[in-house]
1. Output the residues belonging to segment 1-41 that are closer than 22 Å to Glu105 by Cα, polar (S, T, N, Q) and at pLDDT below 95.
2. Looking only at segment 101-151, filter to residues that are in a loop (DSSP other than H, G, I, E, B) and either in contact with a Leu (Cβ under 7 Å, 6 or more places away or on another chain) or open to solvent by less than 40 Å² (accessible area, probe 1.4 Å) (or both); which one of those is nearest to Leu36 (Cα to Cα)?
3. Limited to segment 19-66, what total is found for residues that are β-branched (Val, Ile, Thr), within 11 Å of the chain's Cα centre (by Cα) and not in a strand (DSSP E or B)?
4. Which pairs do you get when a residue that is farther than 16 Å from Met1 by Cα and at pLDDT below 95, found in segment 83-94, comes within reach of a residue that is assigned to a loop (DSSP other than H, G, I, E, B) and open to solvent by 20 Å² or more (accessible area, probe 1.4 Å), reach meaning Cβ atoms under 7 angstrom, with the pair 6+ apart or on two chains?
5. Looking at the structure I just gave you, is Ala38 in contact (Cβ under 8 Å) with a residue 12 or more places away in the chain and either open to solvent by 20 Å² or more (accessible area, probe 1.4 Å) or in contact with a helix residue (DSSP H, G or I) (Cβ under 8 Å, 6 or more places away or on another chain) (or both)?
6. Say whether the condition of being open to solvent by less than 20 Å² (accessible area, probe 1.4 Å), among the β-branched types (Val, Ile, Thr) and farther than 20 Å from Gly151 by Cα is met by at least one residue in segment 47-68.
7. Could you please tell me which pairs satisfy a Cβ distance under 9 Å, a separation of 6+ or placement on different chains, a first residue in segment 7-22 that is closer than 17 Å to Thr84 by Cα and without any contact (Cβ under 8 Å) to a residue 60 or more places away in the chain, and a second residue that is open to solvent by less than 20 Å² (accessible area, probe 1.4 Å) and assigned to a helix (DSSP H, G or I)?
8. Considering only segment 10-35, state which residues are more than 21 Å from Glu122 (Cα to Cα), open to solvent by 90 Å² or more (accessible area, probe 1.4 Å) and among the charged types (D, E, K, R).
Amino acid sequence: MKWDRLTIDDYLENRQYIDTALVPLIKMELGNNARLSAVQATWLSGVVNHLEEQLMGRVLLLPALTYTEAHEADMLAAYLNRYTEYVLQSGFKHQVYITVEEEWEKRREKLRGGLFYIDASEVDMEDQSSQALFDLSQKFVPSLISLWKKG
């Protein structure tokens, strides 16, 4: 389910079954890299939307957390940990960030929530076809199932 006006009532009615929050983590740039930033954000949104559709009834796709280079890394990590704590205290068993930013892969141990990192150099983000986004989203289904089996 998604955090939007069309599905939030379904989430509220079925929240005892929805134990995982997915949160896209997007770095926004407005300078020379604005186009790349926009392509990455749009592409990542497509991937997480396909992932949510496959796992509807078990996950809630929350709005993307967007940040800029002006955010100091340690302070941003602390904010993300407070965000994760809020999500977990709200009844979720799992909270997973999903990003294409390598800096988070390097800082994974500083985050309380789970992290799915997509190496942007290994995918064609210009291909935003439904099939390409679906295929990549499939990569994370086993990871989520494994997370659920652990409890």
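The values are calculated or read from the model by the stated rules, or taken from the named source; none is laboratory data. In this text, all values refer to a predicted model and were calculated from it rather than measured experimentally. Reconstructed Cβ throughout: ideal geometry from the backbone, glycine too, with neighbour counts over all protein chains shown. Heads up: the accessible areas ignore ligands, DNA and RNA and are worked out on the full protein's heavy atoms, side chains in. Shrake-Rupley method; radii C 1.70, N 1.55, O 1.52, S 1.80 Å.
1. Asn33, Ser37, Gln40
2. From segment 101-151, those in a loop (DSSP other than H, G, I, E, B) are 101, 107, 111-113, 118-119, 123-129, 139-140, 151; that's our starting set.
If we keep only those that are either in contact with a Leu (Cβ under 7 Å, 6 or more places away or on another chain) or open to solvent by less than 40 Å² (accessible area, probe 1.4 Å) (or both) too, we end up with 101, 111, 113, 118, 123, 125, 140.
Values: Glu101: 12, Leu111: 25, Gly113: 26, Ile118: 15, Val123: 13, Met125: 9, Phe140: 23 Å.
Among those residues, the one meeting the criterion is Met125.
3. Total meeting the criteria: 2.
4. Sorted first by the residue in segment 83-94, then by its partner, the list stays empty.
5. Values: in contact (Cβ under 8 Å) with a residue 12 or more places away in the chain: no; either open to solvent by 20 Å² or more (accessible area, probe 1.4 Å) or in contact with a helix residue (DSSP H, G or I) (Cβ under 8 Å, 6 or more places away or on another chain) (or both): yes.
Spelling it out, it is not the case that Ala38 is in contact (Cβ under 8 Å) with a residue 12 or more places away in the chain and either open to solvent by 20 Å² or more (accessible area, probe 1.4 Å) or in contact with a helix residue (DSSP H, G or I) (Cβ under 8 Å, 6 or more places away or on another chain) (or both).
6. Scanning segment 47-68 turns up at least one residue that is open to solvent by less than 20 Å² (accessible area, probe 1.4 Å), among the β-branched types (Val, Ile, Thr) and farther than 20 Å from Gly151 by Cα.
7. That search, which allows pairs on different chains as well, returns nothing.
8. Glu13, Arg15
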